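The values are calculated or read from the model by the stated rules, or taken from the named source; none is laboratory data. Quantities reported herein were computed from a predicted structural model and do not represent experimental measurements. Backbone-built Cβ (ideal geometry, glycine too); neighbour counts: all protein chains shown.
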Amino acid sequence: MSLALYNTLTRRKEPFEPIEPGHVRMYVCGPTVYDEPHLGHARAAIAFDVIRRTLEALGMRVTYVRNVTDVDDKIIARAAEGGRSPWEVAEENTRAYDDAMRALGVRPPTLAPRATGHISDMLRLIGVLVERGFAYTAGGDVYFSVERSGGYGRLSNRTLEEMRAGERVEPDARKRHPMDFALWKAAKPGELSWPSEWGEGRPGWHIECSAMSMKYLGETFDIHGGGLDLIFPHHENEVAQSTGATGSGFARFWLHNGFVTVNREKMAKSLKNFVTVREMLGAWPAPALRYLLVSAHYRSPIDFSPEAVEDAAGAWRRLAGFARNAGAALASAGAAVPGAAPALGALLPGARIGTSGTEGGEWRERFAAALEDDVGCPEAIAVLFDLVASANRMIERAESRASELAAALGAFRDLAAVLGLDPGAWDAPRRGGSLAPAVELLLRVREEARAARDFARADEIRSALADSGIVVEDRPGGPRWYLAG
């Protein structure tokens, strides 16, 4: 089976092949940094992180560009509210966003261009649109003419008449058509601005993504992504201005992630129903939150609730517990313990798992089939749990089934890494790799106490470990432990 992706532009799944064989060029709309990120922002970042990992695991090189909108009405308003500089607000929240995504295991993009670093690129693009008759000036503002764009509305599947019927505000009398949108906004007194041939001002929101995506990926590239709420007007306007300027097709595939919802309503700052990533990380382990946001299909909504997070934390504990117990069993049997994949390249299918035993190859094929069908994460996660259920039966007989267990654990680690859920990758640098020697020592002391029938001392050690977030399981082959959460 070859990779198929759902294309918002055509509203169907289509076979995906990059324009340049083996190299995917992908642009995703990033944050507008007027406040710290909430769980909805994390959902978008993780969705496209997994899409990127899937493409790489299928053997492709990915150039992934994700912008930062660091000049915007909201940033200017937030700065004015606090008596601060827009630059200060933008920088503070850019760092908060990067820190939050790093904590959730989101790999940094290949490039993360900022809007304020590309004003000259936007001005050149606006100039081309004016020259070609797709844009016009109105005082110090420059507007794009939607009536000059033959296919306007194709991405969002709307007509201009339908768009006008949905208007809720009185249209600007300076516009030739009510749906025309700003490419350049004349500066207001004291407002952040840049010089241009049309006067001091700043860019409209939409023009930045066209300028930056085409600068780094070319006039036509493979994938453009973002949240469902960006289809209209942001992405629709991007298509119109980009194709107007170049005559080329712009992005071939448009991918959009579903929302995080609360009581089936989109999580958003404007609705005051959001929870920040920082708040969530203060209450829950980062891999449990990542599991929650990976567990649904990227196009589907995720309804947030404490119960949903608890379920995700329980599922994560099962995966992490298996990896730790299987590794301990192999070490006790004197067998080599598989490490993490050195890189995601070409994991699906036919890399080292496929040659390390029929069982490993079987899991890889099923996992690959799930992700090749529009990055089907729920089905891929089901394969991981099937693998764990099968391999758990080998742990108690690790000495006689070491090769099978090693193949299964190797398969598990490699495949979980495609979702950003390899427990080893989380434990070592983040949550207690350095704890292992101390925990193992305490468990040996506890076993000596149990052998001496000093059960009070053994219980005391177990309780102390539990207070530190370490769960101990007594098994016939000896105690096993894992980090709670």
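At a glance:
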quantity	calculated
Selection within segment 8-34 - of a type outside the set (Lys, Arg) and assigned to a strand (DSSP E or B)	Glu14, Pro15, Glu20, His23, Val24, Met26, Tyr27, Val28, Thr32
Residue match in segment 231-252 (condition: assigned to a strand (DSSP E or B) and either outside the structural domain of Glu310 (by TED's automatic domain parsing) or within 28 Å of Ala312 (Cα to Cα) (or both))	yes
Test for Phe322: is it modelled with pLDDT of 90 or more and over 30 Å from Val262 (Cβ atoms)	yes
Residue within segment 60-73 that is part of a helix (DSSP H, G or I), more than 15 Å from the chain's Cα centre (by Cα) and either polar (S, T, N, Q) or closer than 21 Å to Arg114 by Cα (or both) present	yes
Residue in segment 212-220 that is in contact (Cβ under 8 Å) with a residue 60 or more places away in the chain and either over 14 Å from Arg25 (Cβ atoms) or assigned to a strand (DSSP E or B) (or both) present	no
Residue identified as closer than 29 Å to His224 by Cβ and more than 21 Å from the chain's Cα centre (by Cα) among Ala240, Ala296	Ala240
Segment 1-36: number of residues that are under 20 Å from the mean Cα position of the chain (by Cα), under 30 Å from Lys269 (Cβ atoms) and of a type in the set (D, E, K, R)	2
Which listed residue is assigned by TED's automatic domain parsing to the domain that holds Val28, crowded, with 21+ Cβ neighbours inside 10 Å and either among the hydrophobic types (A, V, I, L, M, F, W, C) or over 19 Å from Phe250 (Cα atoms) (or both), from Ala186, Ala138, Ala211	Ala211
Matching residues in segment 382-421 - criterion: being charged (D, E, K, R) and modelled with pLDDT under 95	Arg393, Glu396, Arg397, Glu399, Arg401, Glu404, Arg413, Asp414
Those residues of segment 301-343 which are in contact with a strand residue (DSSP E or B) (Cβ under 6 Å, 6 or more places away or on another chain) and among the β-branched types (Val, Ile, Thr), in sequence order	Ile302
The listed residue being in the same structural domain as Glu20 (by TED's automatic domain parsing) and under 13 Å from Pro31 (Cα atoms), out of Ala47, Ala42	Ala42
